[in-house]
Structures are given as structure tokens and as C-alpha cells.
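The values are calculated or read from the model by the stated rules, or taken from the named source; none is laboratory data. Just so you know, these numbers come straight off a predicted model, no measurement behind them. Note: ideal-geometry Cβ built from the backbone for every residue, glycine included; neighbour counts use all protein chains shown.
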Amino acid sequence: MTDGLNPYFQVGLDVMDQPCLIIGGGQGGEGRAGRLLDAGARLSVVSPSLTPRLESWRDEERLTHLSRVFQENDLRGMFLVINTVQADDQLAEEVYGMARRERTLVNSFDRPELSNIGMPALVDPGHLRLAISTSNASPGLARRLREDLERMFGEEFVSYLSQLGQVRAHLKKVGAGDDTRFEILHSLVADFRLSGSIDYPAGWRKRVEDLLARRMPSE
């Protein structure tokens, strides 16, 4: 693309019972570990230390902890590797190169050029999964969109979606025909509507123009 941004190809990745690796035991590793565990991955985390939550998941035997720095052999046989270690360009480049050679999916935190899979912001109340990507134009905006959408999809929505799933499963169980199932299920969502508005920062166009015209002092 002419602007250098990568929109990726949005898919749902099946990691159920697949071996996955996270490099780094900080807050970034914790967030991605939670998503992988929710998706049923067989997870390993390589890091000299872990956050308290990662430690609790280790103690509950939900993940395997390799208490050291990353080694090349750690990547062997992995379906997906996520590098959450920041400010280590050499590590990110080495992990990307190894993953390419092993034909392993890899994501490096805030380094799309050293990734072949993206990690969009995720809205996940109940059974809903909404992935938000700005093609890395503004991760901060993706985060704000996630926060606002999370507030919209509250407890009633979680219950509503769960019970829609129960009705769908029940209709299959009792042998309802395709036309009957479609009519019933459609009737339960026909009047569902999502409403909202967007509030932009005041004077955002002028502020952006000023920033693009400004020369930043050398560090």
C-alpha cells in the first residue's frame, strides 16, 4: 500500500489445543496469554519473571513457564509465537527470522514489519468477538474504540447472545427443519439495532496539520 500500512486479512485463527509460545512475562504477555487460554491453546511462556496473574495461571497448570530468556529451540514445533518483549530490536528480528524458517506464525509487539499475523484490539463480552484494527495507523484509537464498545455490550447483551445460542442448539436437537429454524432465529434478531455516534477531538484537522508541519528537535 502506498502509505506503508498493512490492513491484514481478517480471519479467526483456530488455536484450540495448538502449541503456542509467548516471549515475555510482563503486562503485554499477560494480555495475550489470557486471549490464547480463552481460545484453548496449549500455552508456554518463556521469561525470567512473570506477572502475578501469569504466576497464578502457571500454578493452576494452565500454562507452562520456561523461567529463562528465549532460546532458539523454544520455537520448534510451535503453531504460533508472540513476542511481547519491547525495546529489543535484535530479539524481534531473530524471532521473526526463526519463525519464517520454521513456517510458524509470529507476532512481535508494535513491530508489524516483523510479524506475519496481527493482534487486533478485541471486544469479547460473552460469546461475542469483535476485532478492531486500524492497519497500525493508530493503536491508540483502536484501544479507545474497544473501550467504548465494551461499555455498549453489557450484561443484558451477554445474556441475550447466550440464550440465542441455546435456542439454536435446542432447535437442532429437536429436529426443526432448516426453514423453521431460520424463521425462528431471524425473528429473535430482526428488531436488534446498534445505535451510536462519534465525537471527534475539537479542531483535530488543524492540530494534525500543525504536527505534520512541525520539525521535531533531534534527540
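Checking the stretch 118-131 against the condition returns no match, with no residue being closer than 30 Å to Gly154 by Cα, in a loop (DSSP other than H, G, I, E, B), free of Cβ contacts under 8 Å to residues at least 12 places away in the same chain and among the acidic types (Asp, Glu).
Taken together, Ala142, Ala176, Ala190, Ala169 contain a single residue that is under 28 Å from Pro120 (Cα atoms), out of contact with any Phe, Trp or Tyr (no Cβ under 7 Å at 6 or more places or on another chain) and among the hydrophobic types (A, V, I, L, M, F, W, C), which is Ala142. Filter the stretch 66-98 for residues that are closer than 13 Å to Ile22 by Cβ, of a type outside the set (S, T, N, Q) and in contact (Cβ under 8 Å) with a residue 24 or more places away in the chain and give the result. Residues satisfying the conditions are Phe70, Asp74, Leu75, Met78, Phe79, Leu80, Val81, Ile82, Val85, Val95. Out of all the residues in the stretch 1-52, which are on the phi < 0 side of the Ramachandran plot, charged (D, E, K, R) and either outside the structural domain of Leu91 (by TED's automatic domain parsing) or not in a strand (DSSP E or B) (or both)? Selection gives Asp3, Asp14, Glu30, Arg32, Arg35, Asp38.
Among the candidates Gln18, Gln10, the residue that is over 17 Å from Leu66 (Cα atoms) and modelled with pLDDT of 95 or more is uniquely Gln18. Out of all the residues in the stretch 106-124, which are surrounded by fewer than 17 Cβ atoms within 10 Å (Cβ to Cβ) and more than 21 Å from Gly26 (Cα to Cα)? Of everything in the stretch 106-124, those that are surrounded by fewer than 17 Cβ atoms within 10 Å (Cβ to Cβ) and more than 21 Å from Gly26 (Cα to Cα) turn out to be Glu113, Asn116, Asp124.
Does the stretch 103-113 contain any residue that is assigned to a helix (DSSP H, G or I) and not hydroxyl-bearing (Ser, Thr, Tyr)?
So the first thing to find is which residues in the stretch 103-113 are assigned to a helix (DSSP H, G or I), and the list is 112-113.
Then keep just the ones that are not hydroxyl-bearing (Ser, Thr, Tyr); that gives 112-113.
Yes: the stretch 103-113 contains one or more residues that are assigned to a helix (DSSP H, G or I) and not hydroxyl-bearing (Ser, Thr, Tyr).
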